[in-house]
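Reading through the structure tokens given below for one structure.
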Amino acid sequence: MNIPLVDLSAQHKSILGEINKAISEVIKTNGYILGEAVELFEEEFARYCEVDYAVGVDSGTSALELVLRAWDIGEGDEVITAANTFIATASAIAFTGAKPVLVDIEESTYNIDPNKIESAITEKTKAIIPVHLYGQPADMEPILDIAKKHNLKVLEDSCQAHGAFYKGKRAGSIGDAAAFSFYPAKNLGALGDGGIMVTNDPELAEKVKMLRNYGQKEKYNHLFLAYNRRLDSIHAAVLRVKLKELDKWNKSRNKNAKIYTEKLKEAPVITPIEADYGEHIYHLYVIRTNDRKPLMDFMKQKGVSSGIHYPIPIHLQKAYSYLGYEKGGFPISEEFAGKIMSLPMYAELSEEQIEYVVNTLKSFYW
Ligand SMILES: *Cc1c(COP(=O)(O)O)cnc(C)c1O
């Protein structure tokens, strides 16, 4: 058997006809840039997230950055986020000129530890970006309390959490704004790069709309320096097709994760913990092991792909050495970076495939 980490062909199989139709429709109308498909998708995605506004952009990184810019965050400001996240969270902060300030993660959820946030706050702090890593929401209530107390904005990095729940609320509807990525392998993915920001704040949505489109409200009237960071209509049209399947896919991922966790009970690896406050949508199924390198090599030989998300925490990345953090600064993130391993995870994984992954893993040990 050959089992990839993600299998987009399996995902597209059942909806390929609809996808082709959606793309043809855009070609027929020639509305490639900010056309009807983008507007309709923005409405549908906002409704899905239970918020009032959504603004489509060209990537998750742009969604994060443009929200920070719309809040006038930049040079001289600080923004707090987790030490163990995808590099783009920190990049988006740094692109604005602000300084990424890192906080270690919780052992249980791999998400930012709310108990460690306050000691990272200074007079320069303007916002907190909790990351819903691997598809499980961060513990938002204490984070919102801290933000309120210190008058900070909260931007959810929901790039791995399309459709997850926190205390009955959709990920993305809890903070002041949220950013999602439609990178193809995300739970909701385009056929290329894409992203979106969501919010209940009409002024913020309006500002991001201008930031993504040359700073104009009317054509050729530019009110401030801005970018070309739009979501393409073809992507939006495809995303409209996929959005209808998302809850079903997420349920299936969660079911697959539960099968993994049950079957791995006796194996000498640490399986994910689902916090009782929410619903995990398993963008990634991440275990911890002391034998990662040999285990990954062994499984690869047997046809099972695996991954590491992420092997180097932000503060130990060369690109961020200027922040001045040292080794040992975020012990949990550092320890876990050496042990985490992502197993194949997608909605279409069959029980036989899961069985094969688990048996392969066990045969390494037994
Ligand atoms: C994917 C991702 C991003 C960036 O999204 P892009 O669309 O690749 O720019 C940001 N944060 C996290 C946590 C991500 O997983």
(message) Restricting to segment 329-340, name every residue that is within 21 Å of the chain's Cα centre (by Cα) and either acidic (Asp, Glu) or assigned to a helix (DSSP H, G or I) (or both).
(response) ILE332, SER333, GLU334, PHE336, ALA337
(request) Report yes if TYR356 is assigned to a loop (DSSP other than H, G, I, E, B) and of a type in the set (Phe, Trp, Tyr), otherwise no. (result) no
(request) Mind listing whichever residues of segment 56-90 are within 10 Å of the ligand (Cβ to nearest atom) and either without any contact (Cβ under 8 Å) to a residue 40 or more places away in the chain or closer than 18 Å to GLU203 by Cβ (or both)? (result) VAL57, ALA63, GLU65
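Report whether or not TYR322 is at pLDDT 95 or above, of a type in the set (Ser, Thr, Tyr) and touching a Phe, Trp or Tyr at 6+ places or on another chain (Cβ under 8 Å). Walk me through how you get there before you give the answer.
Details: at pLDDT 95 or above: yes; of a type in the set (Ser, Thr, Tyr): yes; touching a Phe, Trp or Tyr at 6+ places or on another chain (Cβ under 8 Å): no.
It is false that TYR322 is at pLDDT 95 or above, of a type in the set (Ser, Thr, Tyr) and touching a Phe, Trp or Tyr at 6+ places or on another chain (Cβ under 8 Å).
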(message) For segment 212-236, which positions are of a type in the set (A, V, I, L, M) and in contact with a strand residue (DSSP E or B) (Cβ under 9 Å, 6 or more places away or on another chain)?
(response) LEU223, ALA226, LEU231, ALA236
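Could you tell me whether LYS167 is out of contact with any helix residue (DSSP H, G or I) (no Cβ under 9 Å at 6 or more places or on another chain), more than 15 Å from THR61 (Cα to Cα) and not hydrophobic (A, V, I, L, M, F, W, C)?
Details: out of contact with any helix residue (DSSP H, G or I) (no Cβ under 9 Å at 6 or more places or on another chain): no; more than 15 Å from THR61 (Cα to Cα): yes; not hydrophobic (A, V, I, L, M, F, W, C): yes.
So LYS167 does not fit the description; no.
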(request) Answer with yes or no whether ALA10 is away from the ligand (no atom under 16 Å from the Cβ), assigned to a helix (DSSP H, G or I) and within 30 Å of MET296 (Cα to Cα). (result) yes
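Limited to segment 42-58, what total is found for residues that are over 19 Å from ILE174 (Cβ atoms) and surrounded by fewer than 24 Cβ atoms within 10 Å (Cβ to Cβ)?
Just the residues of segment 42-58 that are over 19 Å from ILE174 (Cβ atoms), to begin with: 42-44, 56-58.
Adding the requirement that they be surrounded by fewer than 24 Cβ atoms within 10 Å (Cβ to Cβ) leaves 42-44, 58.
Matching residues across segment 42-58 total 4.
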(message) Can you tell me which residue is surrounded by the most Cβ atoms within 10 Å (Cβ to Cβ) among those in segment 200-255 that are touching a residue at least 60 places away in the same chain (Cβ under 8 Å) and of a type in the set (Asp, Glu)?
(response) ASP232
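Would you check which residues across segment 35-55 are under 18 Å from GLU203 (Cβ atoms) and β-branched (Val, Ile, Thr) and list them? Walk me through how you get there before you give the answer.
Of all residues in segment 35-55, those under 18 Å from GLU203 (Cβ atoms) come to 42, 46, 51-55.
Across segment 35-55, the qualifying residues are VAL51, VAL55.
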(request) Counting only residues that are within 30 Å of PHE336 (Cβ to Cβ) and either out of contact with any Asp or Glu (no Cβ under 9 Å at 6 or more places or on another chain) or at pLDDT 95 or above (or both), give me the strands (runs of 3 or more DSSP E) lying completely in segment 27-107 with at least 2 of them. (result) 78-82, 99-103
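Looking for something within 16 Å of the ligand (Cβ to nearest atom), surrounded by 15 or more Cβ atoms within 10 Å (Cβ to Cβ) and of a type outside the set (A, V, I, L, M) - is there at least one such residue anywhere in segment 256-271? Even if it seems obvious, please write down each step before you answer.
Just the residues of segment 256-271 that are within 16 Å of the ligand (Cβ to nearest atom), to begin with: none.
Scanning segment 256-271, I find no residue that is within 16 Å of the ligand (Cβ to nearest atom), surrounded by 15 or more Cβ atoms within 10 Å (Cβ to Cβ) and of a type outside the set (A, V, I, L, M), so the answer is no.
The values are calculated or read from the model by the stated rules, or taken from the named source; none is laboratory data. Predicted model, so just to flag it, every value in this text is computed and none were measured. Methodologically, a virtual Cβ is constructed for each residue, glycine included, from the backbone with ideal geometry; neighbour enumeration extends over all protein chains shown.
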